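The values are calculated or read from the model by the stated rules, or taken from the named source; none is laboratory data. Treat the numbers as computed from the prediction; the structure is a model and nothing was measured. Here the Cβ positions follow ideal geometry from the backbone for every residue, glycine too, while neighbour counts run over all protein chains shown.
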Amino acid sequence: MDRADVSRRTFLLAGSGIAAAEIVAAQDSAPALTAKQVVERIRQNVGIPWRAETVDNIVAGDPDTPVKGIATTMMATLDVIQRSEAAGRNLVITHEPTFYLHQDTVDVVAQDPTYLFKADFIRRNNIVCFHFHDHWHAHHPDGIATGMARELGWEKNQDAQNPRRFTFPGTPLARFAKEIESRLKVRTMRVVGDPELKVNRVAASWGYVSNVPGIPLLGQPDVDVLVVGETREWELVEYAQDAVAAGKKKALILLGHVVSEQAGMKYCAEWLKTFIGEVPIEFIPAAEPFWRP
């Protein structure tokens, strides 16, 4: 190799080094992704028109906050927010409210010391909380239903036309409930019904279900078992007890609200990664609030 070739090669290598350095510098100087920009990307990618009336809003923190990392969770409890902050995830995307009411209004708790402690922690640590409920359920398919079926291993049992309906081969209720308990690591599941009941047709209503549609749903002849998160005991639970006493082959399984939708927000973290690549995204589970003595 002659001297001219060496000089030309040296020049090219030096030039490529400068170009790489310029790319890195440009990346470092690029505007940081803000919380409101993340929300806008969610709006663009959720696949349905954004509703004028919705609880899906930034409910705590400054929308212009630069995002260092994103945590998805079922419920933005103080414990979840503290763990998110420790992990460097300052945007918390929560399926359920941050401040104890579906609409996230704080009039009732405005002077409460627990609320004030939580709000102060959010403020001091530049946390932003985005409530993502309505549109995640309305996403096609329902994001919560998709995540729960995956976590339970029920995809092969799922009705192709209805992601909340499942068919099973006559599994005894006691074993069926035990398998759910094991897969979801439930501590305080409750069951109404004969342990020997053969489970063939199951309907799920993840999260809270009221007497309507809960009672008509369990009353359908093609539903043996209704699986829910929570309900009022003097409505759907009483109806389930009366149905059993009347000789109906029916059962009701209550998982607890957090457990019954948690995997849907685990799936949400995976979904977000398909269109947000600038920051780390992590699912941080909310703890099941109850325990058995």
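Quick notes
- Look at the stretch 172-191: where a residue is over 14 Å from Val202 (Cβ atoms) and in the same structural domain as Glu233 (by TED's automatic domain parsing) and a partner is assigned to a helix (DSSP H, G or I) and among the β-branched types (Val, Ile, Thr), sitting 6+ places away or on another chain with Cβ atoms under 6 Å, you get Leu184/Val259; Val186/Val259.
- Scanning the stretch 58-85 for residues that are in a strand (DSSP E or B) and within 23 Å of Ala32 (Cβ to Cβ) returns Ile58, Val59, Ala60, Pro66, Ile70, Ala71, Thr72, Thr73.
- Residues satisfying the criterion are present in the stretch 244-256 (criterion: in contact with a Pro (Cβ under 8 Å, 6 or more places away or on another chain), of a type outside the set (D, E, K, R) and either outside any helix (DSSP H, G or I) or crowded, with 20+ Cβ neighbours inside 10 Å (or both)).
- Where His135 falls short, out of the listed (1) touching a residue at least 60 places away in the same chain (Cβ under 8 Å); (2) surrounded by fewer than 14 Cβ atoms within 10 Å (Cβ to Cβ): (2)
- Considering residues of the stretch 188-234 that are among the charged types (D, E, K, R), in a loop (DSSP other than H, G, I, E, B) and over 24 Å from the mean Cα position of the chain (by Cα) only, the residue farthest from Leu254 (Cα to Cα): Asp222
- Contact map, the stretch 146-160: residues that are touching a residue at least 60 places away in the same chain (Cβ under 8 Å) paired with residues that are surrounded by 14 or more Cβ atoms within 10 Å (Cβ to Cβ) and in a helix (DSSP H, G or I), Cβ distance under 6 Å, separation 6+ or inter-chain. Pairs shown: Thr146/Tyr267; Gly147/Ala263; Gly147/Gly264; Gly147/Lys266; Gly147/Tyr267; Met148/Ala263; Met148/Gly264; Glu151/Ala263.
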